[in-house]
Structures are given as structure tokens and as C-alpha cells.
Amino acid sequence: MWVSSARVKEKWNVVMPVILLIAFAVTRWPDFMPPNFSAAYALAFCAGAYFPARYVLWVPLVVMLGSDMIINVFYYKVAPVGSYMLVSYSLYALLIVLGRQFGPKAGFFKLLSGGILGAFLFYVISNTFAWMGNPAYLKTFEGWIKALTTGMDGFPPTWIFLKNTLLSGGLFTGLFVGAMKAAEATEREPELKEEEEKEETEKPEGEEAKA
């Protein structure tokens, strides 16, 4: 019975994150949420924290790649993949590695902070690449700061995208981690009851032995 229970628990620890991963991936559909308000940052970070080592890289990246391909083909009407995706997926891999450093045993607020940090790193690094590749920006420190804060003239300021990136990173990390912590607590309740019952049945035996 114990082996069967352990196997069920191990499978659930894989199935639960996958379900949440797919659910959050659906929210990536364009116009579903404000610009840069994405679940992708949290997906990558939480996958790194919760997925077993054998699934930690390929499962989240395949789910996100699949959603990107569907969006590109059916929404943007372009090729399913392109070289422009390389930077984003390299950063997703970085967030997975970051989540791995925290792990599932970290507290809720620690994981929440990690998710927000991951979203911030994604924003800064991706915008730095945009600054490097866009001739409209001066290749100076001031030009880099402009790319991170106000952006190009005639377009919405990039600090709005930073705000949405941080808010969505925090929100979806909180939802994912909260769901996982709640599931862990639910799983732990029967185990605690079993331990209490075992102690109660063993206690009289110990007292009789002393007598």
C-alpha cells in the first residue's frame, strides 16, 4: 500500500504542474491580456522549481513552443518558428535554471520573489537585445536606459511593459505556487492522520511492555 501511495504521489507531482502549465499557456493568446502581461515568465520559473529533473527543460519549452507555433500560424499568419525566437527561448531556459535554484521546498514568498526576479531579468535582457539591434537607439548608456524606460518616440513608453511584466510575473507565480502548496497540504493531511493513528496504536503496546 505504501509503494502504491508513493507512486500515485510521484505521478501527481508531475501531472499537477503539467495541468497548470497548459492552463497558463492558454493565457498567452494575443489580446487575451495587456501587452507584456504574460504567464510565460512564471511558467518557466515554476517549471524549474517544481518539475522533476528529467522533465524540467523539455516539457515547459515544448508546451511554450507549441503555443507559440499555434499563435504564429493561426493569429499572426506567419511561419510557425523563426530565428527571432532564439533570444526568448534562451531566456526561458535561464528562468527554468533560476527556478531550479529555489526548488519546491522554498516558502511561498521566496518563490514569489523569485518569479518576480525572473520576470525582471527577462525584461531587462530582452530589451537590451532590442536596444542593441534597433538603430533608432543610441548605443550609449543613456540610449540603453531609454530603451528600458521610455522607448522610442511615438510609441507607448516601455516602463508600461516593465510594469506589466513584473505584475504578471508575480501574479502567475503566486497562482502556480499557491495551487502547488495547497495540493501539497491536501496530500499531507492523510499522512499526518496515519502517523497519529500509528502512534496511538503503538503507545499502549509500549506501556504494556514497561509493565
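Side notes on the structure shown:
- Odd one out for Y123 among (1) in contact (Cβ under 8 Å) with a residue 12 or more places away in the chain; (2) over 25 Å from F176 (Cα atoms); (3) of a type outside the set (D, E, K, R): (2)
- In region 153-211, the residue that is farthest from the chain's Cα centre (by Cα) out of those that are at pLDDT 90 or above and of a type in the set (S, T, N, Q) is T158.
- Selected residue (criterion: farthest from A106 (Cα to Cα)) from residues of region 64-96 that are of a type in the set (V, I, T) and over 12 Å from the mean Cα position of the chain (by Cα): V78
- The residue that is farthest from Y84 (Cα to Cα), counting only those in region 131-148 that are among the hydrophobic types (A, V, I, L, M, F, W, C) and surrounded by fewer than 17 Cβ atoms within 10 Å (Cβ to Cβ), is F141.
- Those residues of region 21-43 which are β-branched (V, I, T) and either in a helix (DSSP H, G or I) or in contact with a strand residue (DSSP E or B) (Cβ under 6 Å, 6 or more places away or on another chain) (or both), in sequence order: I22, V26
- Annotation: N36 fulfils all but one of (1) modelled with pLDDT under 80; (2) among the polar types (S, T, N, Q); (3) within 16 Å of G169 (Cα to Cα); the unmet one is (1).
- Which listed residue, of V3, V14, V8, V18, is of a type in the set (V, I, T), surrounded by fewer than 21 Cβ atoms within 10 Å (Cβ to Cβ), over 25 Å from A106 (Cβ atoms) and modelled with pLDDT under 85: V3
- Helices (runs of 4 or more DSSP H) wholly inside region 51-170 that include at least 1 residues being in contact with a Gly (Cβ under 9 Å, 6 or more places away or on another chain) and of a type in the set (A, V, I, L, M, F, W, C): 85-102, 108-133
- Checking A49, A25 one by one, the residue that is in contact (Cβ under 8 Å) with a residue 12 or more places away in the chain, surrounded by 21 or more Cβ atoms within 10 Å (Cβ to Cβ) and within 17 Å of L91 (Cβ to Cβ) is A49 and no other.
- Screening P135 on (1) at pLDDT below 95; (2) within 30 Å of L111 (Cβ to Cβ); (3) out of contact with any Pro (no Cβ under 8 Å at 6 or more places or on another chain); (4) not acidic (D, E) shows it passes everything except condition (2).
The values are calculated or read from the model by the stated rules, or taken from the named source; none is laboratory data. Computed from a predicted structure; not experimentally measured. All Cβ positions, glycine included, derive from the backbone under ideal geometry; neighbour counts span all protein chains shown.
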